[in-house]
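Novice: Provided herewith is a single structure, encoded as C-alpha cells, for subsequent inquiry.
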Amino acid sequence: MAKKPSRRERRARKFHNSYEEQNNLKLAHIEPMTANQRKTFQLYDQDKNLLLYGTAGTGKTFVSLYLSLLELLSGFTEYKKIVIVRSVVPTRDMGFLPGSAKEKALVYEAPYYAICTELLQRGDAYELLKNKGLIQFMTSSFVRGITLKDCIVIVDEFQNMVDEELHSIITRVGDNCKIIFCGDCKQNDLRKETSGFHKFIKILSSMNSFGTVEFNISDIVRSAVVKEYIIKREQFETNKTFLSSSYLPA
C-alpha cells in the first residue's frame, strides 16, 4: 500500500499545481538534511508552534521560512501572511545612522532577502512577497499594542530579546496564528541587558502547544568550515588547555 502523503507533501503538490502558474513563482523543493531538521518538519506538520534553538548554521531560520512559505503559497491555508519579528539590538546605539527607524532596520532583513531568493529562485522574491502583503517585517520595539491574527509569526534571533520583549511578543498572538521562535544563546548581542532566552525556553518547553527542537553540531549544514570551527571552539571552551602554546604558531 502506498504511503499516505504528509500535509507538507500535499501542500507542495498544491503549490506546484496552482500558485506557481498564477504568480510566476517557483518554490524550491527542500528535504530535511539532518535528524533535527526532520523533527522540525514533522512538528510543523502536526500544527505545533515551534521552539528552535541551538548551534549556528543548522538552518533554523531557513527551514522555518521554507515551511511557512510552503503553506502560505499553497493557497490552501487559513493563514494570510508571514510576520517576521526581530530585535534590532544594535539600533539602541546606532542612532547616528541616517534615515528613519524603518530604514535603519533594513539591514536586519538581509537574511530573509537571501533565503527568499534561494527558495523562490529570483532576486526580487522578498520584495515581491512584501509588496503582495504576504510577508511583513517588524521589530520587537513596535510589537506592543497590536494583535497578530491569521498569520505565521517567525521570531528570529530571539536570544537578543530581554524577558519583557519576549513576553510582549507571545502575548500579541491572537486567533488563528502559528508562532516559531529561532535562536542561539551563543550569538547574543545584548550587552548590559540580560537575555530572556533561558527562562523563555523553560516556559515554552513545558507548553503542550509547542514542539521543541534543540540543534547541535551534527545539524550544521552551512559549510564544512563552520562545522569544523564550532567543533574546535566547543573543544576549547570545554578544555581551556586546548589552545596551549604548542598549538600556536611560532
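The values are calculated or read from the model by the stated rules, or taken from the named source; none is laboratory data. Every value quoted in this text rests on a predicted model; they were computed, and no experiment measured them. Here Cβ is always computed from backbone atoms with ideal geometry, including for glycine, and neighbour counts include all displayed protein chains. The area values use the complete protein model at the heavy-atom level, side chains included, leaving out ligands, DNA and RNA. Shrake-Rupley method; radii C 1.70, N 1.55, O 1.52, S 1.80 Å.
Novice: Can you pull out the residues in segment 117-146 that are outside any helix (DSSP H, G or I) and among the β-branched types (Val, Ile, Thr)?
Specialist: Here is the first cut: in segment 117-146, the residues outside any helix (DSSP H, G or I) are 121-124, 132-139, 143-146.
Within segment 117-146, Ile135, Thr139, Val143, Ile146 meet the criteria.
Novice: Residue by residue through segment 160-191, note down the ones that are in contact (Cβ under 8 Å) with a residue 40 or more places away in the chain, over 15 Å from Ser64 (Cβ atoms) and either open to solvent by 50 Å² or more (accessible area, probe 1.4 Å) or in contact with a Phe, Trp or Tyr (Cβ under 7 Å, 6 or more places away or on another chain) (or both).
Specialist: Asn176, Cys185, Lys186, Gln187, Asp189, listed by residue number.
Novice: Separate question: Would you confirm, using the coordinates I've provided, whether Ala2 is modelled with pLDDT of 95 or more, surrounded by fewer than 16 Cβ atoms within 10 Å (Cβ to Cβ) and hydrophobic (A, V, I, L, M, F, W, C)?
Specialist: Numbers: modelled with pLDDT of 95 or more: no; surrounded by fewer than 16 Cβ atoms within 10 Å (Cβ to Cβ): yes; hydrophobic (A, V, I, L, M, F, W, C): yes.
Taking the combined requirement at face value, the residue does not satisfy it.
Novice: Okay, next question. Return the residues of segment 137-159 that are in contact with a Ser or Thr (Cβ under 7 Å, 6 or more places away or on another chain) and open to solvent by 70 Å² or more (accessible area, probe 1.4 Å); say none if nothing qualifies.
Specialist: Arg144
Novice: Exactly one of (1) closer than 30 Å to His167 by Cα; (2) exposed (fewer than 10 other Cβ atoms within 10 Å of the Cβ); (3) modelled with pLDDT under 95 is unmet by Asn208. Its number?
Specialist: Looking at each condition in turn, Asn208 falls short on (3).
Novice: Confirm whether Ile203 is open to solvent by 10 Å² or more (accessible area, probe 1.4 Å) and within 16 Å of the chain's Cα centre (by Cα). Steps first, please.
Specialist: Details: open to solvent by 10 Å² or more (accessible area, probe 1.4 Å): yes; within 16 Å of the chain's Cα centre (by Cα): no.
For Ile203, the condition - open to solvent by 10 Å² or more (accessible area, probe 1.4 Å) and within 16 Å of the chain's Cα centre (by Cα) - is not met.
Novice: Of everything in segment 213-237 that's loosely packed, with under 15 Cβ neighbours inside 10 Å and among the aromatic types (Phe, Trp, Tyr), which residue is nearest to Tyr53 (Cα to Cα)?
Specialist: Across segment 213-237, the extreme among qualifying residues is Tyr229.
Novice: Do we have any residue at all in segment 55-75 that's among the aromatic types (Phe, Trp, Tyr), in contact (Cβ under 8 Å) with a residue 24 or more places away in the chain and surrounded by fewer than 19 Cβ atoms within 10 Å (Cβ to Cβ)?
Specialist: At the first step, the residues of segment 55-75 found to be among the aromatic types (Phe, Trp, Tyr) are 62, 66.
Among the residues that remain, those that are also in contact (Cβ under 8 Å) with a residue 24 or more places away in the chain are: 62, 66.
Restricting the remaining residues to those that are surrounded by fewer than 19 Cβ atoms within 10 Å (Cβ to Cβ) gives none.
No, because not a single residue in segment 55-75 is among the aromatic types (Phe, Trp, Tyr), in contact (Cβ under 8 Å) with a residue 24 or more places away in the chain and surrounded by fewer than 19 Cβ atoms within 10 Å (Cβ to Cβ).
Novice: Now for a separate question. Regarding segment 128-136, can at least one residue be identified that is touching a Lys or Arg at 6+ places or on another chain (Cβ under 8 Å), open to solvent by 10 Å² or more (accessible area, probe 1.4 Å), of a type in the set (A, V, I, L, M, F, W, C) and modelled with pLDDT of 90 or more? Let's see the steps before the verdict.
Specialist: Just the residues of segment 128-136 that are touching a Lys or Arg at 6+ places or on another chain (Cβ under 8 Å), to begin with: 128, 133-136.
Of the ones still in play, those that are also open to solvent by 10 Å² or more (accessible area, probe 1.4 Å) are 128, 133-134, 136.
Of the ones still in play, those that are also of a type in the set (A, V, I, L, M, F, W, C) are 128, 134.
Subset that is modelled with pLDDT of 90 or more: 128, 134.
Checked against the condition, which is being touching a Lys or Arg at 6+ places or on another chain (Cβ under 8 Å), open to solvent by 10 Å² or more (accessible area, probe 1.4 Å), of a type in the set (A, V, I, L, M, F, W, C) and modelled with pLDDT of 90 or more, segment 128-136 yields at least one hit.
Novice: State whether the residues of segment 220-237 include one that is of a type in the set (Asp, Glu) and touching a strand residue (DSSP E or B) at 6+ places or on another chain (Cβ under 7 Å). Quick ask: steps written out before the conclusion?
Specialist: Initially, segment 220-237 is screened for residues of a type in the set (Asp, Glu), giving 228, 234, 237.
Adding the requirement that they be touching a strand residue (DSSP E or B) at 6+ places or on another chain (Cβ under 7 Å) leaves none.
Within segment 220-237, not a single residue is of a type in the set (Asp, Glu) and touching a strand residue (DSSP E or B) at 6+ places or on another chain (Cβ under 7 Å).
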